[in-house]
Amino acid sequence: MNQPTESATSRLREEHQLILQVADAMQALVAEADAGNWDFEAFDQCVTFIRLFADACHHGKEEDLLFPELEKAGMSRQQGPIAVMLEEHRIGREYVRFMVEALEPARAGDEEARARLRNAANGYVELIRSHIMKEDQVLFNMADHVVRGSSCQSLCVAYGAVCARRFEGHSKEELASLAETISQRAGLA
Ligand SMILES: [Fe+2]
């Protein structure tokens, strides 16, 4: 039997790897900050990457394309794995909002804002790692079983259209190279 070149989740699983790479960089940036070496520019770049790549481009495809496809296959959006994933996306957005609010005062030397910034960054890293593990190991395996054939093909075409968009003026490729820049600044590339 021929294996399809792209499953309902292969592109999303690939994007997870880039998001995890930035999570590793954020963890390193927090460790440096705790040692007194703040790189606010890098935290700012993390916020941009998370907002535009992890949330708009990646979670956007899950929420607007994959999850509705799973609902068509009988899964509930109100409870079970999809509901848990949606709730975790919401919590992730909260962490990002905390980071955005803390960045400028933290940069200006406000110690309390610095604590909020590092705690939110840390919280995001923990959340996104366990979130991605759940998707990769549970929800996406279910999706690969139920979304096949022509519905899988149209889903992948729709993914392609989202990936070709610009996110506040940035292409997906530019955001991927931002992830590399962040890793380098964090000393991981
Ligand atoms: Fe995801």
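Observations on the model:
- Residue within region 34-49 that is assigned to a helix (DSSP H, G or I), within 16 Å of the ligand (Cβ to nearest atom) and out of contact with any Asp or Glu (no Cβ under 9 Å at 6 or more places or on another chain) present: yes
- Single condition GLU112 does not satisfy, out of (1) in contact with a strand residue (DSSP E or B) (Cβ under 9 Å, 6 or more places away or on another chain); (2) of a type outside the set (S, T, N, Q); (3) surrounded by fewer than 16 Cβ atoms within 10 Å (Cβ to Cβ): (1)
- Members of region 170-189 found to be polar (S, T, N, Q) and not in a helix (DSSP H, G or I), listed by number: SER171
- Boolean, VAL100 is modelled with pLDDT of 95 or more and more than 16 Å from the ligand (Cβ to nearest atom): yes
- Of the residues making up region 126-136, not a single one is in contact (Cβ under 8 Å) with a residue 24 or more places away in the chain, more than 16 Å from the ligand (Cβ to nearest atom) and either among the basic types (Lys, Arg) or surrounded by fewer than 14 Cβ atoms within 10 Å (Cβ to Cβ) (or both).
- Which numbered condition ASP144 fails, given (1) acidic (Asp, Glu); (2) farther than 22 Å from GLN21 by Cβ; (3) free of Cβ contacts under 8 Å to residues at least 40 places away in the same chain: (3)
- Cβ-Cβ under 6 Å pairs, at least 6 apart or on other chains, region 59-82 side within 22 Å of ALA161 (Cβ to Cβ) and away from the ligand (no atom under 13 Å from the Cβ), far side at pLDDT below 95 and not in a helix (DSSP H, G or I): none
- Residue in region 157-169 that is of a type in the set (Asp, Glu) and in a helix (DSSP H, G or I) present: no
- Meets criteria (part of a helix (DSSP H, G or I) and out of contact with any strand residue (DSSP E or B) (no Cβ under 9 Å at 6 or more places or on another chain)) for GLU6: no
- Test for GLU62: is it closer than 15 Å to HIS131 by Cα and surrounded by 15 or more Cβ atoms within 10 Å (Cβ to Cβ): yes
The values are calculated or read from the model by the stated rules, or taken from the named source; none is laboratory data. Remember, it's a predicted structure, so these values are computed and weren't measured experimentally. So basically every Cβ, Gly included, is an ideal-geometry build from the backbone, and we count neighbours across all protein chains shown.
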